[in-house]
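Just below is one structure, and these are the notes that go with it.
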Amino acid sequence: MSIVENIKLITSKLPDTVKLVAVSKTKPNEDIMSAYNVGQRIFGENKVQDLTKKFEELPKDIEWHFIGHLQSNKVKYIAPFISMIHAVDSLKLLKTIGKEAAKNDRTIDYMLQLHIAQEDTKFGLSESELYEMIDSEQFKAVKNVNLRGLMAMASNTDNKNQVKEEFELIKNIFDKIKAKHFPDKDDFNELSIGMSSDFELAVECGSTMVRIGSTIFGARNY
Ligand SMILES: *Cc1c(COP(=O)(O)O)cnc(C)c1O
């Protein structure tokens, strides 16, 4: 199937309340433009160098989302234009984002990445680290950033029950944090869960943002 057909099929499966982040990492500009030309505007990348190049070359009404592990020393390259940083996993990184956002006279939207998978290879905060961070005065003092919600990756497994349990866990933690810390903050409302293999399950569990790459653009050659 073509990129256009893939996008249409996925979109038809998503409720209107769920946003599609088309993960275009490693893919050429022409593939991105195929999706753009049928109305897709949110694209996700996980390498700073690739992202800045694509930002320069492609239409300026694209909303770029940074979806992978971000190094503090590279924040400055994306701070002028990034729409959303999905995977903030340390106070150090958050402080750098705030500093670079201020230099650009902006406020940058972000999510905190929670580690829910039963694998040690994935980045993210543990549940207790997450609470500790949100409770800290240092966290509250960071300016020019706006916390929009939580992000996570489920275990890479065929066991649907396990993936479902992990998604339910993050939804639960999201609801708890919302009730305790941000009951009146209407824009603390995003849950970035679900990729090609598990997005339908993620939507059932409350996802508001799915990050889909290979099902749209085909397998990646690294
Ligand atoms: C690559 C990537 C995706 C998309 O993965 P697919 O399986 O190709 O849909 C989603 N989220 C993150 C963080 C990624 O790095």
Fill in: Loop trypsin sites (Lys or Arg not before Pro), segment 107-159 (other Cβ atoms within 10 Å of the site Cβ: 15 or fewer; DSSP)
Lys143
Worksheet entry | Which of Glu63, Glu30 is most accessible, then next, and so on - probe 1.4 Å | Glu30, Glu63
Worksheet item: Hey, what's the Kirkwood Rh for the chain if you take every pair of different alpha carbons, in angstrom?
Response: 17.8
Worksheet item: What are the GluC sites (Glu not before Pro) within segment 84-149 that DSSP puts in a loop, where the Cβ has at most 14 other Cβ atoms within 10 Å?
Response: Glu119
Discussion item. I need the peptides 37-43, 19-25 ranked by packing, meaning the mean over residues of other C-beta atoms within 10 angstrom, with the highest value on top.
Written reply: 19-25, 37-43
Worksheet entry | Net length gained if the chain between Asp120 and Asp50 were fully extended (0.36 nm per residue, minus Cα distance) | 22.5 nm
Response to the item:
Summing -39500 (n - 2.57) over every DSSP H run of at least 4 in the chain, dividing by its residue total and rounding to the nearest 500, the 222 nm mean residue ellipticity is -11500 deg cm²/dmol
Item to complete: State the volume of the convex hull built on the alpha-carbon positions of segment 101-222, expressed per residue in Å³ and rounded to an integer.
Response: 146
Worksheet item: Considering amide H positions built from the backbone, and no H for Pro or chain starts, which residues 5 or more places from Ile116, or on another chain, come under 5 Å of its amide H?
Response: Met153
Discussion item. Amide H of Met84 versus every other amide H placed in the peptide plane: which residues, excluding those fewer than 5 positions away on the same chain, fall under 5 Å?
Written reply: Phe66
Item to complete: Identify, among Gly68, Thr17, Ile32, the residue whose Cα sits farthest towards the positive end of the charge dipole of segment 1-78, taking +1 on the Cβ of Lys and Arg and -1 on the Cβ of Asp and Glu, with the dipole about the Cα centre.
Response: Gly68
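The values are calculated or read from the model by the stated rules, or taken from the named source; none is laboratory data. Just so it is clear, the model here is predicted, and its values are computed rather than measured. Every residue, glycine as well, gets a Cβ built from its backbone with ideal geometry; the counts of neighbours run over all protein chains shown. All accessible areas refer to the heavy atoms of the entire protein, side chains included, with ligands and DNA or RNA removed. Shrake-Rupley method; radii C 1.70, N 1.55, O 1.52, S 1.80 Å.
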